[in-house]
Amino acid sequence: MNRYSKMLGYLIARFLNGSAHGPYPHPAANLEAMSKIVLPGDVILVEGNRRISSAIKYLTQSTWSHAALFVGDRGGRNDKGFLCNLVEADTVQGVHAFPLAELQGLHLRICRPVGLSPEDTTRIVDYVLARLGNQYDLKNIFDLARYLLPNPPVPTQWRRRMLALGSGDPTRAICSTLIAQAFQSVGFPILPIITVEASKMRDCQDCVEEIYHIRHHSLFVPRDFDVSPYFTVIKPVLAHVVDYRKLTWAITDGAPVIGD
């Protein structure tokens, strides 16, 4: 029975991995500009254009449906000779490395961990590279498939947990779970739960201190890297300064020209 469940999960994964219909909502990233500023340890958020992307964006109430980690030149090369500088957990291929060029035409965002040491950056990259070949947690596929309806009846407070219904097997990774585990392995915070407790110092009975509690890795979603205060958003700058006063704006429905 387990074999048939795996086969069904794989078929559903292939279906969900297909392209979604309808227009793509946001402008594509400039990969040439991104390639000049992205660094190992950066998290690349992706607004996907697949069926599964719609389910994840609904459940997370976010633009971002996927996340990958930039590993620089340590990901090896694919069978076409292209440098694989990103690592992701994909529904069909599992944890694998791939070239940045494969994100051509998609809306992206670079989230950079603030103050991460070079040593811990190496450890984080080592962590995800050591898991190449692990499989995606297909138990979540059955859950995600149910939320492809336009307005599935899922209370807001339950949506995040819908992405944490997988097997819990550490060899079966989900994209944001894998990256969260990598950062937690070096003690780098993403969205920790912070409580204020009385200090244990004997000479200061009235003092309080902040205690950081690790959020379970299965509860992390791609947007957490975007909203985390421990990551900064990096945007490619324009090659030249644009004089906004000389832009030509289209006139729609008789609206006046901007500036008049």
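Taken over the stretch 94-114, the criterion of being surrounded by fewer than 17 Cβ atoms within 10 Å (Cβ to Cβ) and touching a residue at least 40 places away in the same chain (Cβ under 8 Å) is satisfied by Ala101, Gln104, Gly105, Val114.
Condition check ((1) farther than 14 Å from Val38 by Cα; (2) in contact with a helix residue (DSSP H, G or I) (Cβ under 7 Å, 6 or more places away or on another chain)) across all residues:
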residue: Gln93; (1), (2): yes, no
residue: His96; (1), (2): yes, no
residue: Ala101; (1), (2): no, yes
residue: Gly105; (1), (2): yes, no
residue: Ile124; (1), (2): yes, yes
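The set of residues from the stretch 99-117 being in a loop (DSSP other than H, G, I, E, B), at pLDDT 95 or above and not hydrophobic (A, V, I, L, M, F, W, C) comprises Pro99, Gly115, Ser117.
Does the stretch 79-98 contain at least one residue that is more than 24 Å from Asn30 (Cα to Cα), among the β-branched types (Val, Ile, Thr) and modelled with pLDDT of 95 or more? Break it down stepwise before answering.
Let us first name the residues in the stretch 79-98 that are more than 24 Å from Asn30 (Cα to Cα), namely 79, 91-95.
Then drop every residue that is not among the β-branched types (Val, Ile, Thr), which leaves 91-92, 95.
The next check asks that each one be modelled with pLDDT of 95 or more; those that pass are none.
Within the stretch 79-98 (the criterion being more than 24 Å from Asn30 (Cα to Cα), among the β-branched types (Val, Ile, Thr) and modelled with pLDDT of 95 or more), the answer is no, since none of the residues qualifies.
Tallying residues that are buried (at least 20 other Cβ atoms within 10 Å of the Cβ) and modelled with pLDDT of 85 or more within the stretch 13-66 yields 12. Kindly list, by first and then second residue, each pair from a residue in the stretch 210-230 that is of a type in the set (A, V, I, L, M, F, W, C) and assigned to a helix (DSSP H, G or I) to a residue that is crowded, with 19+ Cβ neighbours inside 10 Å and at pLDDT 80 or above, limited to pairs with Cβ atoms under 7 Å and residues at least 6 apart or on different chains. What qualifies is Phe225/Val43; Phe225/Leu45; Phe225/Ala67; Phe225/Cys111; Phe225/Ile190; Phe225/Phe231. Would you check which residues across the stretch 114-128 are charged (D, E, K, R) and within 14 Å of Gly187 (Cα to Cα) and list them? Answer for the stretch 114-128, where residues must be charged (D, E, K, R) and within 14 Å of Gly187 (Cα to Cα): Glu119, Asp120, Arg123.
Among the candidates Ala145, Ala130, single out the residue that is more than 18 Å from the chain's Cα centre (by Cα), at pLDDT 60 or above and aliphatic (A, V, I, L, M).
Ala130
So, of the residues in the stretch 222-257 that are at pLDDT 90 or above and not β-branched (Val, Ile, Thr), which turns out to be surrounded by the most Cβ atoms within 10 Å (Cβ to Cβ)? Selected residue: Phe225. Residues that are of a type in the set (D, E, K, R) and touching a Cys at 6+ places or on another chain (Cβ under 6 Å): does the stretch 80-101 have at least one? Taking every residue of the stretch 80-101 in turn, at least one turns out to be of a type in the set (D, E, K, R) and touching a Cys at 6+ places or on another chain (Cβ under 6 Å).
The values are calculated or read from the model by the stated rules, or taken from the named source; none is laboratory data. Bear in mind that the values here come from a model prediction, so they are computed numbers and not experimental data. Cβ sites come from the backbone with ideal geometry, for glycine too, and all protein chains shown count toward neighbours.
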